[in-house]
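The values are calculated or read from the model by the stated rules, or taken from the named source; none is laboratory data. Keep in mind that what you see is a predicted model, and the values were worked out from it rather than measured. When we count neighbours, we look across all protein chains shown, and the Cβ atoms used for this are built from the backbone with ideal geometry, even at glycine. All accessible areas refer to the heavy atoms of the entire protein, side chains included, with ligands and DNA or RNA removed. Shrake-Rupley method; radii C 1.70, N 1.55, O 1.52, S 1.80 Å.
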Amino acid sequence: MNNSQKDNATRKRGLLLVFLGALIAIIASVAVVWNKPPATVDDQQGMKITATELCSAFENNEQPANTAYLNKVLTVTGKIAEVTKNQDGQTVVLLESSDPLSGVQCTMKEEGNFAVGNTATIKGFCNGYTLVVLLAGCVEVN
């Protein structure tokens, strides 16, 4: 075996080691991301806003409101208009806004002691706007 053949073999071995190292790093990264627990609002500071202000932002111009609030943790305060259960048995609290056809729909993580007419502060992830602003993974803020 001459020197050029030895150099080629060494380069091939080096490239193989680099490739294997990169492959192991990718696999490890995917495993960490895959096993990461889902985000919760419990330990996050939410952007404070009233239900009326939040609904008005989406009603007046949805695109900037999406940029400002979508997928962010919000702490919303408002008067409770309705308390129901969804198809999964979760408590859903509707905070009223100035528009009687709108509001902030909060799907709660846990049961709560909510009464229509009371004021509540609820923290959750903003999931967008239909006729109401949708908040998910919500917890009551005391």
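Sorted from longest to shortest, the spans of the Cα atoms of the chain along the three principal axes equal 89, 33, 27 Å. Here the chain is assigned +1 on the Cβ of each Lys and Arg and -1 on the Cβ of each Asp and Glu. Its dipole about the Cα centre then comes out at about 1160 debye.
What stretch of the chain, leaving out the sites themselves, is the longest with no GluC sites (Glu not before Pro) in a DSSP loop having at most 13 other Cβ atoms within 10 Å? Write down the numbers at each step before the final one.
Values: sites that count: GLU110, GLU111.
Counting only loop sites that pass the neighbour cut-off, the longest clear stretch is 1-109.
Helix-only arithmetic for the chain: the sum of -39500 (n - 2.57) across DSSP H runs with n ≥ 4, divided by the residue total, places the mean residue ellipticity at 222 nm at -12000 deg cm²/dmol. The figure for PHE19 is an accessible area of roughly 130 square angstrom, using a 1.4 Å probe on the protein chains alone.
Counting only protein heavy atoms and a 1.4 Å probe, the chain has 66 square angstrom of accessible area per residue. Figure note: VAL76, VAL83 ranked by solvent-accessible area, largest first, 1.4 Å probe, ligands and nucleic acids not counted: VAL83, VAL76.
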